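Novice: Have a look at the structure that comes next, please.
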Amino acid sequence: MKSRFLVANWKSNKTIAEADSWLESFKSPAGDHTIILCAPFTLLHFLHERNRALVLSAQDVSPFGQGSYTGEINAQQLKELVDWVIIGHSERRANFGETDDILKQKVLQAKSAGLRVIFCVSDERETVPEDADIVAYEPVSAIGSGQSEDPRASNEIIARLKERIKIPIGLYGGSVTPDNVASFIRQPAIDGVLVGGVSLDAAKFLQLIENASIS
Ligand code: PGA
(Lines give C-alpha, C1' and ligand atoms only; values in the text may rest on other atoms or scores of the structure.)
Protein backbone atom coordinates (compact mmCIF):
# COMPACT_ATOMS: atom_id res chain seq x y z
CA MET A 1 0.00 0.00 0.00
CA LYS A 2 1.39 3.41 -0.89
CA SER A 3 1.71 6.06 1.77
CA ARG A 4 -1.02 8.70 1.67
CA PHE A 5 -1.59 12.26 2.81
CA LEU A 6 -4.20 12.58 5.56
CA VAL A 7 -4.82 16.27 6.02
CA ALA A 8 -6.86 17.77 8.88
CA ASN A 9 -8.37 21.19 8.24
CA TRP A 10 -9.63 22.73 11.47
CA LYS A 11 -10.94 25.83 9.64
CA SER A 12 -11.89 28.64 12.09
CA ASN A 13 -12.23 26.39 15.12
CA LYS A 14 -10.53 25.82 18.48
CA THR A 15 -9.01 27.91 21.23
CA ILE A 16 -5.56 27.10 22.64
CA ALA A 17 -7.20 25.17 25.50
CA GLU A 18 -9.23 23.12 23.02
CA ALA A 19 -6.19 22.44 20.85
CA ASP A 20 -4.35 21.29 23.98
CA SER A 21 -7.01 18.76 24.88
CA TRP A 22 -7.16 17.54 21.25
CA LEU A 23 -3.40 16.90 21.39
CA GLU A 24 -3.79 15.04 24.69
CA SER A 25 -6.21 12.60 23.04
CA PHE A 26 -4.30 12.32 19.78
CA LYS A 27 -1.86 9.44 20.27
CA SER A 28 0.75 9.13 17.51
CA PRO A 29 -0.84 6.74 15.05
CA ALA A 30 1.07 3.84 13.53
CA GLY A 31 1.66 3.61 9.79
CA ASP A 32 3.63 5.63 7.30
CA HIS A 33 1.00 8.09 6.14
CA THR A 34 1.90 11.79 6.18
CA ILE A 35 -0.47 13.51 8.60
CA ILE A 36 -0.77 17.26 8.18
CA LEU A 37 -2.69 19.53 10.56
CA CYS A 38 -3.95 22.82 9.08
CA ALA A 39 -4.66 25.03 12.08
CA PRO A 40 -5.72 28.67 12.56
CA PHE A 41 -2.86 31.21 12.79
CA THR A 42 -3.50 31.75 16.51
CA LEU A 43 -2.70 28.10 17.31
CA LEU A 44 0.39 27.60 15.16
CA HIS A 45 3.01 28.70 17.68
CA PHE A 46 1.45 26.59 20.44
CA LEU A 47 1.21 23.52 18.16
CA HIS A 48 4.75 24.07 16.89
CA GLU A 49 6.07 24.00 20.47
CA ARG A 50 3.90 21.20 21.78
CA ASN A 51 3.50 18.60 19.05
CA ARG A 52 6.04 16.36 17.36
CA ALA A 53 3.82 13.84 15.59
CA LEU A 54 2.08 16.09 13.11
CA VAL A 55 3.31 18.16 10.21
CA LEU A 56 1.85 21.66 10.50
CA SER A 57 0.16 23.78 7.87
CA ALA A 58 -1.49 27.19 7.75
CA GLN A 59 -4.88 27.65 6.07
CA ASP A 60 -4.01 30.85 4.22
CA VAL A 61 -1.17 33.29 3.54
CA SER A 62 -0.90 36.92 2.55
CA PRO A 63 -0.52 37.67 -1.17
CA PHE A 64 2.07 40.29 -0.10
CA GLY A 65 5.47 40.10 1.56
CA GLN A 66 6.50 41.98 4.69
CA GLY A 67 5.31 45.55 5.03
CA SER A 68 2.32 47.79 5.50
CA TYR A 69 -0.47 45.24 5.15
CA THR A 70 -2.32 45.52 8.44
CA GLY A 71 -3.85 42.26 9.55
CA GLU A 72 -2.00 40.03 7.10
CA ILE A 73 0.29 37.10 7.98
CA ASN A 74 3.09 36.76 5.43
CA ALA A 75 4.82 33.64 4.15
CA GLN A 76 8.15 34.33 5.87
CA GLN A 77 6.38 34.59 9.22
CA LEU A 78 4.61 31.30 8.56
CA LYS A 79 7.79 29.53 7.54
CA GLU A 80 9.04 29.82 11.13
CA LEU A 81 6.12 27.65 12.27
CA VAL A 82 4.85 25.49 9.41
CA ASP A 83 6.00 23.60 6.32
CA TRP A 84 2.75 23.79 4.37
CA VAL A 85 -0.08 26.16 3.53
CA ILE A 86 -3.54 25.64 2.03
CA ILE A 87 -4.33 28.13 -0.72
CA GLY A 88 -7.59 28.54 -2.64
CA HIS A 89 -10.04 26.77 -0.34
CA SER A 90 -13.57 27.29 -1.70
CA GLU A 91 -14.59 28.98 1.58
CA ARG A 92 -11.95 31.66 1.00
CA ARG A 93 -12.93 32.10 -2.65
CA ALA A 94 -16.63 32.41 -1.73
CA ASN A 95 -16.41 34.48 1.48
CA PHE A 96 -13.31 36.59 0.94
CA GLY A 97 -13.42 37.29 -2.79
CA GLU A 98 -10.17 35.49 -3.61
CA THR A 99 -9.63 35.53 -7.37
CA ASP A 100 -7.24 33.50 -9.55
CA ASP A 101 -4.83 36.47 -9.60
CA ILE A 102 -4.79 36.77 -5.80
CA LEU A 103 -4.33 33.02 -5.44
CA LYS A 104 -1.44 33.06 -7.88
CA GLN A 105 0.22 35.81 -5.82
CA LYS A 106 -0.28 33.77 -2.65
CA VAL A 107 1.35 30.72 -4.24
CA LEU A 108 4.29 32.85 -5.39
CA GLN A 109 4.76 34.29 -1.89
CA ALA A 110 4.48 30.86 -0.26
CA LYS A 111 6.93 29.20 -2.61
CA SER A 112 9.48 31.99 -2.39
CA ALA A 113 9.50 31.58 1.42
CA GLY A 114 10.02 27.81 1.06
CA LEU A 115 6.51 26.70 1.98
CA ARG A 116 4.82 23.80 0.24
CA VAL A 117 1.34 24.42 -1.14
CA ILE A 118 -1.89 22.42 -1.05
CA PHE A 119 -4.00 24.17 -3.70
CA CYS A 120 -7.77 23.57 -3.56
CA VAL A 121 -10.17 23.49 -6.50
CA SER A 122 -13.84 22.60 -6.58
CA ASP A 123 -13.95 21.92 -10.30
CA GLU A 124 -11.44 20.20 -12.56
CA ARG A 125 -11.37 23.16 -14.97
CA GLU A 126 -10.20 25.69 -12.38
CA THR A 127 -6.81 27.35 -12.80
CA VAL A 128 -4.00 25.86 -10.71
CA PRO A 129 -0.74 27.82 -10.39
CA GLU A 130 2.09 25.65 -11.66
CA ASP A 131 4.17 25.89 -8.48
CA ALA A 132 1.59 24.17 -6.25
CA ASP A 133 2.81 20.88 -4.73
CA ILE A 134 -0.50 19.13 -4.11
CA VAL A 135 -3.92 19.70 -5.66
CA ALA A 136 -7.02 19.02 -3.54
CA TYR A 137 -10.30 18.47 -5.37
CA GLU A 138 -13.20 19.44 -3.12
CA PRO A 139 -16.66 19.65 -4.73
CA VAL A 140 -18.56 22.44 -2.92
CA SER A 141 -21.71 20.33 -2.53
CA ALA A 142 -19.70 17.72 -0.58
CA ILE A 143 -18.04 20.09 1.89
CA GLY A 144 -19.62 19.87 5.33
CA SER A 145 -22.81 18.35 3.91
CA GLY A 146 -22.42 14.70 4.89
CA GLN A 147 -22.82 13.89 1.18
CA SER A 148 -19.42 12.85 -0.14
CA GLU A 149 -18.94 12.45 -3.88
CA ASP A 150 -18.84 9.01 -5.42
CA PRO A 151 -15.21 7.80 -4.99
CA ARG A 152 -14.93 6.47 -8.55
CA ALA A 153 -16.22 9.74 -10.01
CA SER A 154 -13.74 11.69 -7.84
CA ASN A 155 -10.96 9.38 -8.94
CA GLU A 156 -11.65 10.09 -12.59
CA ILE A 157 -11.78 13.84 -12.03
CA ILE A 158 -8.55 13.81 -9.99
CA ALA A 159 -6.81 11.65 -12.61
CA ARG A 160 -7.73 14.13 -15.38
CA LEU A 161 -6.79 17.12 -13.20
CA LYS A 162 -3.36 15.72 -12.33
CA GLU A 163 -2.71 14.95 -15.99
CA ARG A 164 -3.75 18.45 -17.13
CA ILE A 165 -1.82 20.45 -14.54
CA LYS A 166 1.17 18.09 -14.21
CA ILE A 167 0.99 17.93 -10.43
CA PRO A 168 1.51 14.34 -9.28
CA ILE A 169 -0.31 14.41 -5.93
CA GLY A 170 -4.10 14.75 -5.77
CA LEU A 171 -6.37 14.70 -2.73
CA TYR A 172 -10.13 14.37 -2.36
CA GLY A 173 -12.00 16.49 0.20
CA GLY A 174 -15.65 16.76 1.21
CA SER A 175 -17.44 14.82 3.98
CA VAL A 176 -14.67 12.26 4.42
CA THR A 177 -15.37 10.08 7.49
CA PRO A 178 -13.86 7.03 9.18
CA ASP A 179 -16.51 4.98 7.34
CA ASN A 180 -15.82 6.18 3.82
CA VAL A 181 -12.09 7.04 3.89
CA ALA A 182 -11.00 3.64 2.59
CA SER A 183 -13.25 3.91 -0.46
CA PHE A 184 -11.41 7.09 -1.44
CA ILE A 185 -7.83 6.18 -0.75
CA ARG A 186 -8.20 2.82 -2.52
CA GLN A 187 -8.70 4.74 -5.76
CA PRO A 188 -5.54 4.77 -7.90
CA ALA A 189 -5.46 8.52 -8.63
CA ILE A 190 -6.36 9.65 -5.09
CA ASP A 191 -3.24 10.17 -2.97
CA GLY A 192 -4.99 11.22 0.22
CA VAL A 193 -7.85 13.14 1.77
CA LEU A 194 -8.54 16.60 3.18
CA VAL A 195 -10.76 16.30 6.23
CA GLY A 196 -12.71 19.13 7.85
CA GLY A 197 -15.45 18.33 10.39
CA VAL A 198 -14.22 14.88 11.43
CA SER A 199 -10.72 16.22 12.20
CA LEU A 200 -12.05 18.41 15.02
CA ASP A 201 -12.56 15.30 17.14
CA ALA A 202 -9.21 13.60 17.90
CA ALA A 203 -10.77 10.15 18.44
CA LYS A 204 -12.69 10.28 15.16
CA PHE A 205 -9.66 11.53 13.24
CA LEU A 206 -7.52 8.73 14.74
CA GLN A 207 -10.18 6.24 13.67
CA LEU A 208 -10.10 7.70 10.18
CA ILE A 209 -6.29 7.29 10.09
CA GLU A 210 -6.59 3.73 11.31
CA ASN A 211 -9.22 2.87 8.71
CA ALA A 212 -7.03 4.44 6.03
CA SER A 213 -4.12 2.28 7.17
CA ILE A 214 -5.90 -1.08 6.95
CA SER A 215 -7.57 -0.46 3.61
P1 PGA B 1 -15.55 18.55 5.51
O2 PGA B 1 -14.58 19.72 5.00
O3 PGA B 1 -14.66 17.31 5.73
O4 PGA B 1 -16.13 19.06 6.78
O5 PGA B 1 -16.55 18.30 4.45
C6 PGA B 1 -13.56 19.47 4.07
C7 PGA B 1 -12.86 20.77 3.71
O8 PGA B 1 -13.52 21.80 3.51
O9 PGA B 1 -11.62 20.82 3.62
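Novice: Suppose every K and R has +1 on its Cβ and every D and E has -1 on its Cβ; what is the size of the dipole of the chain about the Cα centre, in Debye to the nearest 20?
Specialist: It comes to approximately 320 debye.
Novice: Still on this structure, I have one more. For segment 162-168, in order, what is each residue's ³J(HN,Hα) by Karplus, 6.51 cos²θ - 1.76 cosθ + 1.60 with θ = phi - 60°, in whole Hz (x at glycine and Pro)?
Specialist: Once rounded to whole Hz, the list reads 4, 5, 5, 9, 6, 10, x.
Novice: I need the phi-derived Karplus couplings for segment 30-44: 6.51 cos²θ - 1.76 cosθ + 1.60, θ = phi - 60°, integer Hz, Gly and Pro marked x.
Specialist: For segment 30-44, the Karplus curve yields 6, x, 10, 6, 8, 10, 10, 10, 9, 10, x, 3, 5, 9, 5 Hz.
Novice: Considering only protein heavy atoms and a 1.4 Å probe, what is the carbon-and-sulfur percentage of the accessible area of segment 1-134?
Specialist: Ligands and nucleic acids excluded, carbon and sulfur give 47 percent.
Novice: Might you work out the accessible area of E138 for me, using a 1.4 Å probe with all protein chains in place, and round it to the nearest 10 Å²?
Specialist: 10 Å²
Novice: Working with all protein chains in place, sort D179, D100 by solvent-accessible area computed with a 1.4 Å probe, largest first.
Specialist: So the residues, ranked largest to smallest area, are D179, D100.
Novice: What figure in square angstrom, to the nearest 10, would you give for the accessible area of T34 with a 1.4 Å probe?
Specialist: Here the accessible area works out near 50 Å².
Novice: Run the quick spin-label model on S28 and A202: label points 7 Å from Cα toward the beta carbon, then report their separation in nm to one decimal.
Specialist: That separation, rounded to one decimal, is 1.5 nm.
Novice: Which ³J(HN,Hα) values, rounded to whole Hz and listed in residue order, are derived for segment 18-23 from phi using the Karplus coefficients 6.51, -1.76 and 1.60 in 6.51 cos²θ - 1.76 cosθ + 1.60 with θ = phi - 60°, glycine and proline given as x?
Specialist: Calculated HN-Hα couplings, in order: 5, 5, 4, 6, 4, 4 Hz.
Novice: Only helical DSSP H runs with n ≥ 4 go in: add -39500 (n - 2.57) per run for the chain, normalise by residue count and round the 222 nm mean residue ellipticity to 500 deg cm²/dmol.
Specialist: That calculation yields -10500 deg cm²/dmol at 222 nm.
Novice: In square angstrom, what is the accessible area per residue of the chain with a 1.4 angstrom probe?
Specialist: I get 47 Å² per residue for this part.
Novice: Oh, and also: Cross-link candidates for K162: which lysines have Cα within less than 29 Å, leaving aside residues fewer than 8 places away along the same chain?
Specialist: List returned: K2, K11, K79, K104, K106, K111.
Novice: Something else: Could you please state, rounded to a whole Å, how far the C-alpha centre of segment 145-211 is from the C-alpha centre of segment 7-69?
Specialist: For segment 145-211 versus segment 7-69, the Cα centre distance is 19 Å.
Novice: So, one more: Amide H neighbours of A136 under 5 Å, at least 5 residues apart or on other chains, H built in the peptide plane: list them.
Specialist: Amide H neighbours of A136: F119, C120, V121, L171.
Novice: I'd like the accessible area for D150, computed on protein heavy atoms only with a 1.4 Å probe and all protein chains in place. Round to 10 Å², please.
Specialist: 70 Å²
Novice: Please state the charge dipole magnitude for segment 30-154, taken about the Cα centre, from unit charges on C-beta atoms (+1 on K and R, -1 on D and E), reported in debye and rounded to the nearest 20.
Specialist: 340 debye
The values are calculated or read from the model by the stated rules, or taken from the named source; none is laboratory data. Not measured: the values here are computed from a predicted model. Because the Cβ atoms are built from the backbone with ideal geometry, glycine has one as well, and the counts that use them run over all protein chains shown. Protein only, heavy atoms only, side chains kept; ligands, DNA and RNA dropped before computing areas. Shrake-Rupley method; radii C 1.70, N 1.55, O 1.52, S 1.80 Å.
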